[in-house]
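Report on the structure given below.
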Amino acid sequence: MAHAFYGGFQYDYWASILVSAGYIGVVMLAEHRDWLPRLRRRLAAVARMAFTNYIMQTMICVTVFQGFDGGLYGTTSRLEQTIFIWVFQIVLSVWWLKRFRYGPLEWLWRSLTYSRWQSFRKRSAGATG
C-alpha cells in the first residue's frame with residue numbers, strides 16, 4: 001500500500017514543477033506584452049522597499065496573527081493574511097516612495113554601506129539646487 005502512495009507523491013512533485021513553470025510563463029508573457037502596467041508600477045514600489053517590507057511582514061505576522069497583540073491566530077486563513085499584508089504593503093510602499101528616495105531599512109543599509117548618511121527625502125518639484 002505504501003508503494004501506491006509513493007506514486008501519488010511523484011505525480012504531485014512533477015505536476016508542481018509544471019504548474020510553477022506555467023505561472024512563470026504567464027508572468028513573463030504579461031511583462032512582455034505590458035499587461036497591467038499600473039499593477040506593475042505598484043509592485044515595483046514594493047520591490048524597491050523589499051528589505052523594509054520583508055521585516056515589516058514578519059513583524060505584522062508575529063504581532064497581529066501570532067497573538068502578541070492582535071490575537072488573530074486561527075481566526076484568519078493564510079490566504080486572508082497574505083491578501084491583507086500585500087494590500088497594506090502595496091499601498092504603503094507607493095505612498096512612501098512618493099515622499100522618500102528609499103524605504104527606511106534600505107536607507108539605513110545604504111548609509112551603513114557607504115559610511116555616510118544618504119539623502120533620504122525626495123526634493124520637491126519647486127526646490128532648486
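The values are calculated or read from the model by the stated rules, or taken from the named source; none is laboratory data. Values in this document were obtained by computation on a predicted structure and should not be read as measured data. Heads up, the Cβs are rebuilt from the backbone with ideal geometry, glycines too, and the neighbour counts pull from every protein chain shown. The area values use the complete protein model at the heavy-atom level, side chains included, leaving out ligands, DNA and RNA. Shrake-Rupley method; radii C 1.70, N 1.55, O 1.52, S 1.80 Å.
Remarks
- Note that segment 75-82 has calculated 3J(HN,Hα) couplings of 9, 10, 7, 4, 5, 4, 4, 4 Hz, one per residue in order, obtained from phi through the Karplus relation 6.51 cos²θ - 1.76 cosθ + 1.60 (θ = phi - 60°); glycine and proline are x.
- Exposure ranking of I83, I55, I60 by accessible area [1.4 Å probe, largest first]: I83, I55, I60
- HN-Hα J in Hz across segment 46-52 - Karplus 6.51, -1.76, 1.60, θ = phi - 60°, x for Gly and Pro: 4, 5, 5, 10, 4, 5, 4
- Per-peptide average of other Cβ atoms within 10 Å, ordering 36-49, 110-123 highest first: 36-49, 110-123
- The stretch between Y11 and V87 holds 24.0 nm of extra length on full extension. This uses 0.36 nm per residue minus the Cα-Cα distance.
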